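The values are calculated or read from the model by the stated rules, or taken from the named source; none is laboratory data. Not measured: the values here are computed from a predicted model. Reconstructed Cβ throughout: ideal geometry from the backbone, glycine too, with neighbour counts over all protein chains shown. Protein only, heavy atoms only, side chains kept; ligands, DNA and RNA dropped before computing areas. Shrake-Rupley method; radii C 1.70, N 1.55, O 1.52, S 1.80 Å.
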Amino acid sequence: MPTQEMLDVTGFLGLSLRAGPELGLLALACLTFLGGTFIRGRLLWGLVGVIGLGFAAGFSAIQSGPAFAPTRDFFCFDDVASCVRLIVPILGMLMLPILVAEVDDVRAADIVGCTLCACAGVSLTSMAGDLVLLFLGLEAVSIPTYVMLYLARHDRRGQEATLKYFMLSIFSSALFLFGASYLYGLTGQTRLTSVSSNGLSRGILELLADPSSQRFDMPRTLAIALIFVIAGLGMKITAVPFHFYAPDVYQGTSPGMAGFLSWFPKAAGLIALLRVLGLAHGHGEPFGGMDGTLIWILAVVTMTLGNCLAIWQGNLRRMLAYSGVAQGGYMLASLAVGPATHQHAGGVGPMLFYLAAYGIMSLGAFAIIAYLNDPEMPVEHIDDLAGLGSRAPIASWSLAICLFGMLGLPLTVGFIAKAQVLLATLVSPMAAGSSLIGILGLLIVFNAAVGAWYYLGLVHRMFLRRPLGPQGKCGPKVQLAAGLVCAILTVLLGIVPSWLGWTQIRQGGRVHAIVPAVTMVAKP
Amino acid sequence: MFELSSEVLSGLALCVPVLPLIAAVVSAVLGSTRPSLAPLVASIGVLGAFAASLLLLLATAGHGGAAHIFHYGTWFTISHHSIDWEIRLDALATAMVCMVTFISFWIVIFSQGYMDGDLGSARFFSLVSLFVGAMAILVLANSLVVMFLGWEGVGVCSYLLVGFWFRKPEAAAAARKAFLVTRLGDVALLGALLLLACQPGSRALTFDAVFSAHLDAGIVYFVLLLLLIGAVGKSAQFPLHVWLPDAMEGPTPVSALIHAATMVTAGVYLLARFFPGMTGESVDLSRLDAIASVQDLAGGLGAITALSAAIMAMGQSDLKRVLAYSTLSQLGYMFMVLGVSGEPRGEHLPQEVIGVAAFASIFHLLTHAFFKALLFLSAGSVMHAMGHIIDMNRFGGLRRLMPITHASFLVGALALAGFPPLSGFFSKDEILLELWNGSLTGGPRSAFFAILFSVGLITAGLTAYYIFRAYFKTFHGEEKIPHEAGHHAHESPRSMTVPLMVLAVCSVVVGLAVGPTGILHHYLSHSSHWHLHESAFSVNIPMILGVLAAFTGVAVAWMLHKAAASTAKKRSMGLFESLADNRLYIDGLYLATLVRPLAALGSVVGWLDRELISPLIELGATVPRMVGGRFRSAQNGLLQFYALAMALGLIVILAMFTVAR
């Protein structure tokens, strides 16, 4: 096992060892792209991808151990990073079989390579201590996604979906870059944060948080920077009003790919937001409280509209797209709580837990839909699920459990996640100062109730309705297996959420377990 | 009896809830492929749980004292409340799980014969196991939140089991009613938990922590009041009793399970824990006063239920409904005695008085479980033979046809009526004695207790009457068999008669074995927070009065039965005959005094519901749809528009943050 001393080598070697999982995944992706032109085979490249991700997860787990001191520089190796770097490869391992089973042997290597790239991209985003690296990480998620959208489905609707995603994603990247350039202009820095001991080199966030800095002279410029950065990330998070592409693209692509879109870009966007706003570091208030208000508004609009629109949907993937919009709203709500302080664990831990929980439940749901989808007779409308309970009991129970989880029923991981976000908003010290955060908690409860409508509607169709027409064949068993694993994890982590608590967030000099969350107030 | 290490105890305690839960999952999974294995799996699971709880009982019988608390892990932590997976094993919990698993096991065995050939019987056995598991969680939980989980689990299982034949509209309606009415109570219970959680300085929501916390008398009052409402819902006391008689629509073994071992006992169990527990260690008069005022309510509701349910049972022609009302009435007894509040009496501390009262209710709960399960299973056996006909007017004189069922029903009826030395006698006597003692103190509440005592006495007489009326109608007189019975009209198979015989033996001996010998008293005195003082068994006035009432009831039932039999021949109507033929007098009385006013109240409530509540709810339901509908048109599928909308959204936000400042 590599030790701290071995990896503390500064310079290229040390860095490449420390960022080993990501560099390894990127290298493996290149190998897969290249090898795929010579050797074709779904099984082979699928296995290569899963094993590679397994190694990445293992290596990240070692690095999250206590032997490795957190550092923050160009690369941030802190608790947020070590948490995300574990979640991402694990969810990638669940994602790969679903995607690979949807394509033929010719495209298998390409889709595996793209998935590996995207996983590396989310990981890099979580480690980004610099705007340049942050953008690189985000693009490492976006660019493979364009390719994957085309690989997964290439009829006319698929092409339309790909084009829509491509155009709007580029638009949002431009918005992000515009905002980032303003940040650079304001501070003359691209480094977000720096922990150099002499205090001479300071990052954007430290400079902005410093009362003596110039930001109070230019609040509008700062606001423009902040808003453009958030707007650029909002498309990935599917925050309203940047969500428009989601239902169309989910509907126009394959179910497995919709599952990919529901988590990986969203995770990248949320984590990038965490980094840019400095919520992971517990600085003062670099944006003078503006960021909290803006995210509060986005969270409320996003979860409410997402849920209200999901009620209307007849297409299964469109409904889940809006459900994903609403779930993104809950995570934004968690970020609106703000960073950890000495008294309060803040919203970052609950957000990361929610992100992991949502990933498991969402991938499970899409895995089952992919499994049920027969190219001859696609499962498109929600009524296509009618009577599924008797035809495919394991699949329908797995789907039902994942839906229960997204709804937030007790004994699922979704309950714990929602309870944490809710409590983070209710126990927040800001709740005492302004009632805004408390209202957010109430709105979450209201939205959870609206969510019950359409989630339970699906369960109702599966178990209490008779099938409406002839039934298609089920797909590859590997997708069923992935869905089943997700369903089991949903229940298991709902009973023993502390198993998700391998990582800890050290903030404000205190240790807060991410879960069992959950320690909202640091023990004296 | 013997020593077991703490690890072994902890493992055994875990087995009690976990084995039935595993059995539930396994039989559900097996259900689709090999439904014939489901009963076996369920009975193994429940038997395993019983074996574990019996071992726990024996191992803890010798040395009591403090409760064992076994920690298995943390569920989650909310601010400073840690919700743990913990089992709290004390004498009361052990005795309860022993009873629950033992009776459930025999009910499962009985069901194998009863449910034979029913489609979906795998679902049935899976749910029964789940029911037992949930009840075990409820009884054993250390954290109140985990207890609530079991409480809800029991509610859900009863919903699914009462509505087991969901294609029957009555069954579906009964299931919904049971669920909704008990939910009312559940909300109150949740309120009590939240109230406790909000108390400053409350660190953990466990029984011990709550009992030892320094709570305001007002808080104690509201917590107990909410708990009482929860218990009233679950234990089907007036005015939330309406679900229990309808719950008969489920398969008969389910009725036995709900009425005897699980579900309805939960409310009594909860109060028997909380009333003595909340007194605290020292005598705090304001706190005792708060407890006493809730206890008054419990006693009053119990008395109303006991008497009115007994009256209702007298008029029923449906055998299962007689038993259902009898359950209500008997639970009313338990609530009545829980109402005995701790006025200092002689040399005994108030805590001791409340403890003894709680003991009396739990004693009756335990014995009642045995004979009520026996009665229900006997009725099930009759039903099985009569082709699912349960109207007592349609059959009669079955004693030669079904000798074992006849004998076991007779034993159950004698026990219920409180004949010495059957089990119901000792426990009912304990309740009457407590009420009698309470009325003799001369304190401000003695008149109240005197009323409760006389209600108990009258109910004892009525109980003996209605159960023997049902017994004579079913098993005596001319042999009458409905045509639906077909070739079924014979004694039930072995798998059904053996449980009957076992439970009959238990109904005879359990009371005698543990009551007058003081075994149960001594064992339960180890339960924490119960300050039981040693007492010796003796013949006393309430006991004699109770037995007299029981004899009178049986004699009246017999005379009326004879008279009714002769009217059938002679057509001459005396007073008793007309009473016997015209149950309608009682039905009519009940109709005029209770049903009509309640129906009027119901129509008012219904009007309010239709005109006021529903529009409000519908408004709440339409708003999200309306909001969604407004914004739907924006989703027009055009890429240019999406980009434009994003840009417009951006501009709006920019305007908000830059122009406004």
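Observations on the structure shown:
- Cross-link check: pairs A:LYS236/A:LYS477; A:LYS164/A:LYS418; B:LYS234/B:LYS320; B:LYS177/B:LYS480 evaluated at a Cα-Cα cut-off of 27 Å; pairs beyond the cut-off: A:LYS236/A:LYS477; A:LYS164/A:LYS418; B:LYS177/B:LYS480.
- Summed buried accessible surface, chains B and A, 1.4 Å probe, nearest 100 Å²: 3800
- In the context of the full set of protein chains, residues of chain B present 38 Å² of accessible surface per residue (probe radius 1.4 Å, heavy atoms only).
- Where chymotrypsin sites (Phe, Trp or Tyr not before Pro) in DSSP loops with at most 14 other Cβ within 10 Å are excluded, longest remaining stretch of chain B: B:167-536
- Along its three principal directions, the equivalent ellipsoid of region A:21-514 from the Cα gyration tensor extends over semi-axes of 35, 25, 21 Å, largest first.
- Fully extended contour minus Cα-Cα distance, from A:PHE55 to A:ASP383, at 0.36 nm per residue: 114.0 nm
- With Cα atoms, 0 to 90° folded angle of helix B:350-385 axis to chain B main axis: 80
- Rolling a 1.4 Å probe over the heavy atoms of the protein chains gives region A:21-514 an accessible area of 32 Å² per residue.
- Rounded to the nearest 10 degrees, the angle from helix B:38-61 to the longest Cα principal axis of chain B is 80 degrees.
- Summarising the amide proton neighbourhood of B:SER82: residues at separation of 5 or more, or on other chains, whose placed amide H is nearer than 5 Å comprise B:LEU205.
- Förster radius 51 Å - calculated FRET efficiency between B:HIS214 and B:ARG630 (Cβ-Cβ, nearest 0.05): 0.45
- Sequence-distant residues sharing a close amide H with A:ALA128 (under 5 Å, placed H): A:CYS76
- At an R0 of 30 angstrom, the distance between the Cβ atoms of B:ALA655 and A:PHE446 translates into a FRET efficiency of 0.60.
- Unit charges at the beta carbon, dipole of region A:21-514: most positive-side option, A:ALA448, A:THR32, A:THR193: A:ALA448
- With kT/(6 pi eta Rh) evaluated at 37 °C and eta = 0.692 mPa s, and Rh the Kirkwood radius from Cα pairs, chain B diffuses with a coefficient of 125 µm²/s according to Stokes-Einstein.
- Rounded to the nearest 20 debye, dipole of chain B from Cβ charges on Lys, Arg, Asp, Glu: 1860
- Within-12-Å neighbourhood charge of A:ALA268 [Cβ basis; K, R +1; D, E -1]: +2
- Carbon and sulfur %, accessible surface of region B:3-59 computed with the full protein complex present, 1.4 Å: 77
- Shape category assigned to region A:107-247 from the gyration tensor of Cα positions, a/c cut at 1.5: oblate
- Ellipsoid semi-axes in whole angstrom, largest first, where each is sqrt(5λ) of the Cα gyration tensor of the protein assembly as shown: 63, 33, 27
- To put it simply, the accessible area of region A:21-514 at a 1.4 Å probe is 69 percent carbon and sulfur.
- Taking a ≥ b ≥ c as the square roots of the eigenvalues of the Cα gyration tensor, region B:19-109 is classed as oblate, since a/c reaches at least 1.5 and a/b does not exceed b/c.
- Point-to-point label distance, A:VAL491-B:ARG34, nm (Cα→Cβ direction, 7 Å offset): 2.0
- Spin-label zone in region A:169-193 - amide nitrogen under 16 Å from a point set 7 Å from the Cα of A:THR221 along the C-beta vector: A:178-190
- In chain B, the longest principal axis of the Cα atoms and the axis of helix B:144-162 are about 60 degrees apart.
- Extension gain for B:VAL623 to B:GLU7 (0.36 nm times residue separation, less C-alpha to C-alpha distance): 216.2 nm.
- Separation of the B:SER317 and A:VAL106 label points, Cα + 7 Å toward Cβ, nm: 7.9
- Protein-protein interface of region B:633-661, residues with accessible area decrease of at least 50 Å², isolated chain reference, 1.4 Å probe: B:GLN635, B:LEU639, B:TYR642, B:MET646, B:LEU650, B:ILE653, B:LEU654, B:PHE657, B:THR658, B:ARG661
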